[in-house]
Amino acid sequence: MHKWLVVLSLVCATAHAAPQPGSNEEMDKLLAEKGLLTHTIDQFQQVRQNVSSRASDLVVNAMGFLGVPYKRGGNSEDTGFDCSGFVRATFEKTIGLVLPRRANEQAAATDHIDKNDLRPGDLVFFNTMKRAFSHVGIYVGDGKFIHAPRTGASVRVEDMRAAYWQRRFDGARRVAPTDDVSDKP
């Protein structure tokens with residue numbers, strides 16, 4: 001917190017002189033000299049682009065599993081998926097990250113986010129078996145998620161705004177990038 005107050009003070013102090021085009025570079029240089037800026041704007045934009053690209057890749061790979069049949073305890077495209085097996089396989093295939101096997105374990109291993117902050121690639125959890133975090137899917141955007149729903153069905157996209165899913169919504173989670181994951185192409 002103290003570091004941000006120092007940055008804010010420096011920004012305010014610099015603001016008294018009318019900023020000229022290119023002064024952002026001077027501000028970045030000043031902040032870097034003070035040890036307050038460890039990444040350049042280009043590095044931040046690259047990280048943002050990598051996160052966006054991974055989310056897109058997750059959704060594309062998840063969509064590639066559409067129609068794969070549900071199988072309780074299933075974790076492969078060849079034999080079928082249950083909900084957590086589907087999520088686990090998608091993350092492993094896309095970014096090489098092996099999530100825990102069960103939905104409740106996946107919830108515990110990821111970062112809580114507000115439903116209003118959902119982005120494609122985030123996880124959405126539901127209470128479908130009278131216990132918290134008993135079902136999981138991958139948010140694809142526009143209020144929709146992809147999941148392996150139940151016996152007799154197959155991987156499909158559904159609207160979270162449907163009454164059934166709204167009543168059972170347990171929360172949203174984001175898989176935090178790790179050093180291993182961020183180094184992957």
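Each value in this text was obtained by applying a stated rule to the coordinates, not by laboratory testing. Everything numeric here is computed off the predicted structure, so don't read it as measured data. Because the Cβ atoms are built from the backbone with ideal geometry, glycine has one as well, and the counts that use them run over all protein chains shown.
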Exercise for the section: Kindly state, to the nearest 0.05, the FRET efficiency for E77 paired with A109, given R0 = 22 Å and r defined as their beta-carbon distance. Expected result: 0.45
Exercise for the section: Report the convex hull volume per residue for segment 98-185, counting only C-alpha atoms, in Å³. Expected result: 114 Å³
Completion exercise
Taking 0.36 nm per residue of separation between S56 and D159 and subtracting their Cα-Cα distance, the length gained on full extension comes to 35.2 nm
Problem - Per-residue ³J(HN,Hα) for segment 150-160, Karplus 6.51 cos²θ - 1.76 cosθ + 1.60, θ = phi - 60°, Hz, x for Gly and Pro - result: 5, 3, x, 10, 9, 3, 8, 9, 9, 8, 5
Practice task
Would you mind checking which residues have amide H under 5 Å from V68's amide H? H placed 1.01 Å from N; only 5 or more apart, or other chain.
Solution key: V155
